[in-house]
Each structure stands twice: as C-alpha cells, then as structure tokens.
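Remarks on the structure that follows.
Throughout, read-outs are computed from the coordinates displayed, never taken from laboratory work. This structure is a prediction, so every number in the text was calculated from the model and none was measured. With ideal geometry, Cβ positions are generated from the backbone for all residues, glycine too; neighbour counts draw on all protein chains shown.
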Amino acid sequence: MGEAFTALGINLPQLIAQVANFVVLLVILRFTVYKPVLRMLDQRRERIAEGLGAAEKAQAEASDAEARIQEQLEEARGQGQEIVANAQQVAARIQDDARQQAERDREAAAERSVQEIQLERDRAISDLRAEFA
C-alpha cells in the first residue's frame, strides 16, 4: 500500500501529520470560534424572542386597555341616560306638583270668594232688615 501512495506522489507521514494538524485546527476553532459564535447567535435569538414577547404583551395590554375604555364609555353612556331619565322624571313630578298646588290654590281662592260673597250677602240682608225694621 505504501508503494501505491508513493506511485501517486503521496507521502504517508506527511499526510498523517496534515490530518492531525487539521483535526487540531478543527478542535481549536470549535472552542475559540464556533462555540462563541453559536452562543452569540443563541443570545441574539433569545433577545429577539424577548422583544417579540414584549411586543405581544404590549399589544395584549393595549387591547385590554381599549376594551376597558370601551366598557367604561358604555357604562358612562348608560349612567348619563339614567341621569337624564331621572331628571325628566323629577321635572315631570315637579310640574305635576306645581299643577296640583295651583289647582288647590285656585280651589281655595274660589272657596274664599264664595265665603266673602256669602258674608257680603248676609251683611246686605242684615242691613236691609235693619233698615226696614
């Protein structure tokens, strides 16, 4: 087999030395370049994943905040409508009370007028009786 290598122009001890050098170079490169590069890529991948996670979390929080704001707006609208309805009821009640009070005042004034008329009539009758007596 040595003759075949020699016939091809291959020096076996030099080939073994070159293979050993190549293996040593691979081991050195693996520990000095390959692992740090992989570590750096992993760290970058983690930072990107964290950034995406933070963005998704911020998006979810924004959606939640928007939903809460919509809910509060709806609640405020409902309360506003309730306040308007209550105000209309109070206004109607006040108007009704004022109408009833005006009716009572009118009836009382009419009653006083009737009493005054009767009193004047009674006085006039007593004055006429006193004159004819």
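Tabulated data
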read-out: Gaussian network model of the chain, springs between alpha carbon atoms under 10 Å - residue of 86, 11, 21 with greatest fluctuation; value: 11
read-out: D (Stokes-Einstein, µm²/s), Kirkwood Cα radius, the chain, 1.306 mPa s at 10 °C; value: 58
read-out: Crossing angle, helix 12-29 versus the chain [Cα axis fit, 0-90 degrees, rounded to tens]; value: 20
read-out: Check: the chain dipole with +1 on Lys, Arg Cβ and -1 on Asp, Glu Cβ, in debye; value: 1340
read-out: Cα long-axis angle, helix 35-132 against the chain (0 to 90 degrees, to the nearest 10); value: 0
